[in-house]
1. Which value, to two decimals, describes the C-alpha radius of gyration of the range 25-104 once divided by 2.2 N^0.38 Å?
2. If you take every residue apart from THR167 with its C-beta less than 9 Å away from the C-beta of THR167, what net charge results, scoring Lys and Arg +1 and Asp and Glu -1?
3. What is the P(r) of the chain, as percent of Cα-Cα pairs per 20 Å bin from 0?
4. With the cut-off at 20 Å, report for the range 140-311 the share of all Cα pairs above it, as a whole percent.
5. Based only on other Cβ atoms within 10 Å, what is the fewest-to-most ordering of HIS158, HIS296, HIS115, HIS51?
6. What does the charge count around LEU207 come to, taking other residues whose C-beta lies under 11 Å from its C-beta (Lys +1, Arg +1, Asp -1, Glu -1)?
7. Counting each DSSP H run of 4 or more residues in the chain as -39500 (n - 2.57), what helix-only mean residue ellipticity at 222 nm follows after dividing by all residues, to the nearest 500 deg cm²/dmol?
8. Please report Rg over Rh for the range 212-274, where both radii come from the alpha carbon positions and Rh follows the Kirkwood definition.
Amino acid sequence: MVVLGIESSCDETAASIVCDGRKLLSNVVASSMDLHAKYGGVVPEIAARSHIEAIVPVIQQALDDAQMTWDDIDAIAVTNGAGLNGSLLIGVLAARTLAIVKKKPLYAINHVEAHLYANFITESTLPDIEPRTTTPEFPLLGIIISGGHSQLVLFRNHFDYTLLGQTRDDAIGEAFDKVAKILGFPYPGGINVSKKALEGNPLAYQLPKARMAGKYDFSFSGIKTATLRLGQELVGKDYSLPSFELPGLLNDKQKADIAASFQRTACEIIVDKVLLACDEFSPRCAIIGGGVAANHELRRQLAERLSCPIEYPSLKLCGDNGAMVATLGCYKVMLGAEPADPHTLETAPNLSM
Ligand code: KG4
Ligand code: ZN
């Protein structure tokens, strides 16, 4: 079972070929991140235009890298939500067209669910991607933490899941990106906050954790604002100081301590709820997906506090990629899920789990 996966929900145009839901044969990612950096965040219009330029060469490269032709492809899987509509449209229209022209079944993929399926890749022909060695076992707790999502999902089996909770405002990656902006680090900020945090004291400052009505819900907007207020206070100013002036007034040590304290608290917010869910549901393992899965402090806290096994994807498969889409696509085919109609499949920007 060979599936081509296509991903274009945000600023990465990606395509990948996966065999039998476990063997990675190619993984091509073209990012327009550099074009967004000077604006401090993804500009949807620029992302969509970049997808138009990249989509055909990226798909062809995925076939070439796997040394395959269209005859070898059994099905096409494409992210149709959640994401930016202009971005999703390009991947979905490309996949619909190819499904019709090449006469392949088409499978619609939920981007958030797909992030977790990067953990099911256990073989790789690619030298730069070391796969996991074990396949996650059900029931499992899915932890999806990215720029757009913070969700805890209990999976009893493939496609049989319950959303336990999610963020009520910002996603954790978004909070990392906003704190990066407050500290004057370039976009994408998460990795820069986490690098700076290595130099700082994670206990230097106490930042708030929101109390939520939903047991497994999150909130990250309060901690982001509290971080801004902390910075303003440290330089002797009040809330009226424009945030773009703050990086020029904070010294290096203050920035490192703020980054480390924010990172510790943001990760604790996730890990506290993961522990609650593990106590209540006793999953056989916890699997992580999304860009923030790359964060070293999160990994440290989970390893220290969680008793069940924790599965991470290869670092290269933490962010957006086509491999996770192709892997979930393989399971859809193998388990007899209904294919989508290539003439009518629509984007679903607000798709939830
Ligand atoms: O999954 P992803 O590539 O795209 C979305 O679906 O959102 O995640 C990107 C997010 C960004 O917010 C980025 O800042 C964050 O993941 N991120 C990190 C790290 N690496 C990426 N956040 C914290 N620490 C990191 N090492
Ligand atoms: Zn993502």
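1. Its radius of gyration relative to the 2.2 N^0.38 Å reference: 1.19.
2. Once all neighbours under 9 Å are counted, the net charge is -3.
3. Per 20 Å bin, starting at 0, the Cα pair percentages come out as 31, 56, 13, 0.
4. When all Cα pairs of the range 140-311 are counted, 50 percent exceed 20 Å.
5. Working: HIS158 17, HIS296 13, HIS115 31, HIS51 27.
In order of increasing Cβ crowding within 10 Å: HIS296, HIS158, HIS51, HIS115.
6. For residues surrounding LEU207, the net value is +3.
7. Values: 11 runs with 142 residues, N = 353.
Only helices count here, giving -12500 deg cm²/dmol.
8. 1.06
Here, each number is a calculation from the coordinates, and none is a lab measurement. Keep in mind it's a predicted model, so treat the numbers as computed, not measured. Please note: Cβ atoms are built from the backbone with ideal geometry, for glycine as well, and neighbour counts cover all protein chains shown.
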